[in-house]
1. Does residue 213 satisfy the criteria of being under 18 Å from residue 141 (Cα atoms), in a strand (DSSP E or B) and not basic (Lys, Arg)?
2. I'm told residue 223 meets every condition in (1) among the polar types (S, T, N, Q); (2) farther than 30 Å from residue 49 by Cα; (3) crowded, with 21+ Cβ neighbours inside 10 Å except one. Can you identify the failing condition by its number?
3. Can you find a residue that is open to solvent by less than 60 Å² (accessible area, probe 1.4 Å) and at pLDDT 90 or above anywhere in the stretch 378-389?
4. Kindly establish whether residue 367 is open to solvent by 40 Å² or more (accessible area, probe 1.4 Å), closer than 19 Å to residue 25 by Cβ and more than 21 Å from the chain's Cα centre (by Cα).
5. Does residue 299 qualify as being assigned to a helix (DSSP H, G or I) and more than 21 Å from residue 115 (Cβ to Cβ)?
6. Identify the residue in the stretch 142-193 that is in contact with a Lys or Arg (Cβ under 9 Å, 6 or more places away or on another chain) and among the charged types (D, E, K, R) and, among all such residues, is modelled with the highest pLDDT.
7. Given (1) touching a Phe, Trp or Tyr at 6+ places or on another chain (Cβ under 6 Å); (2) open to solvent by 10 Å² or more (accessible area, probe 1.4 Å); (3) at pLDDT below 90; (4) assigned to a helix (DSSP H, G or I), identify the lone condition not met by residue 360.
8. Here is a list of conditions, (1) in a helix (DSSP H, G or I); (2) modelled with pLDDT of 75 or more; (3) surrounded by 16 or more Cβ atoms within 10 Å (Cβ to Cβ), and residue 52 meets all of them except one; can you say which number that is?
Amino acid sequence: MRTTDLLRSATRNAFRSKLRTTLTVLSLFVGAFTLTLTTALGAGVNDYVERQVATLSTGDILLVSPAATVSTTDGPTEYDPDGRQQSGQATPLTSGTLLNEQDLDTIAEIDGVDQVEGVSQIQIDWIAASDNATRYEVDINPTSSIGRSDLAAGSQLDQQSDEAQLVLPEDFVTALGFADPDAAVGATIVLGYTDASQSAQQVEATVVGVARTSLFAAGAGANTTLVDAVADAQAIPGQPRAWPIAVATLAGTGTDGEVTAADISEVKAALTEDDLAGQTVEDQLGIIQTVINGIIGVLSAFAVVALIAASFGIINTLLMSVQERTREIGLMKAMGMSNGRVFALFSLEAVIIGFLGAALGTLAAIGLGSAIAAGASQTVLSDLPGLQILLFQPGNVIAVIIVIMLVAFVSGVLPARRAARQSPIESLRYE
């Protein structure tokens, strides 16, 4: 029997008992459907995270903060006038300990560090289109000096400009009286803040861009000129400057000055020796990806359980088929079909059943999942533009189908082996 004949015969035999085969296919359908959705969920979320990382960093910077050291002495820590200051409260960037001028000098002297700059946190009380217009609360994103915004209009901040610049969050456009993001670009807005003497102050800034809301960047972005002006006004006289975090730009040793993993590791090790900790943006966001992958792994486990249950269905279906076709098997062997061909025939039946269940499950998942993703992007996920919660990548879909076909093949090994080992004489006598 040629291979093509074997395939046709296996396809025909798979549907001898239509009800039994249909039930087995449906059990595989559930596993394929679930596994396709969870795979698409992981691909969609991770794709969004990776694109957000790309907007924050080009891979050549380290975010440096004081190391989380533990005191080895009992009782209170002795005061050191030249030591690091405490911010008095924890922030998203630091646990409370601040970097000082000595720390910045230490970072700058490390081999592989091209330049270092302390990131100041400033407190803006309100924002308005003009002095007499309605005022709104606003936060300044402290990482705007190290990253790039996901722009809806305009351009990125110019950190070298002497002009105070602002990247406006997209949801402030209408509130401040602008018709659309493009209309806001180039406008002058007013920011109000409180200085160190608790006096109300104002500063004007030019809107150079409008940013979409993203998962990792909240608030408005301000360039160095604007941040320094407000930070100087809010600094307590006589108190040394301190920063919750510093940005170290690395000098790469790779091709065309590219920063390599070895460069990053060496600088991190040097920072550790000076009681400092360095992280790339990817390091910080990697924690989020780990959590996401863990959740998706748990969801995928349910799909695996469904596939395991379906595999028993395949075994049962084929064992019954072998029993019903015992005399047929004996006749095929008596006519010269080898054990290997018999094994291949029943194995192909299992693979065909697996392919049908996988194909139907993945197609249903793609159809329903695409509709869900489109609806979610317009409703519950509308604040996260660019997030496609379910991303069906061809490679992942094909991988799911192949895995399920492999599960079906393995499940069919026992029945196929039993069929291949049948004695022709005993099979022909079977009633």
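The values are calculated or read from the model by the stated rules, or taken from the named source; none is laboratory data. Quick caveat, the model's predicted, so the values are computed rather than measured. Please note: Cβ atoms are built from the backbone with ideal geometry, for glycine as well, and neighbour counts cover all protein chains shown. Surface areas here come from the heavy atoms of the whole protein model, side chains and all, with no ligands, DNA or RNA. Shrake-Rupley method; radii C 1.70, N 1.55, O 1.52, S 1.80 Å.
1. Considered against the rule, which asks whether it is under 18 Å from residue 141 (Cα atoms), in a strand (DSSP E or B) and not basic (Lys, Arg), residue 213 comes out as no.
2. (2)
3. No, the conditions are met nowhere in the stretch 378-389.
4. yes
5. So residue 299 fits the description; yes.
6. Filtering first and then ranking leaves 170.
7. Among (1) touching a Phe, Trp or Tyr at 6+ places or on another chain (Cβ under 6 Å); (2) open to solvent by 10 Å² or more (accessible area, probe 1.4 Å); (3) at pLDDT below 90; (4) assigned to a helix (DSSP H, G or I), the lone unmet condition for residue 360 is (3).
8. All conditions pass for residue 52, except number (2).
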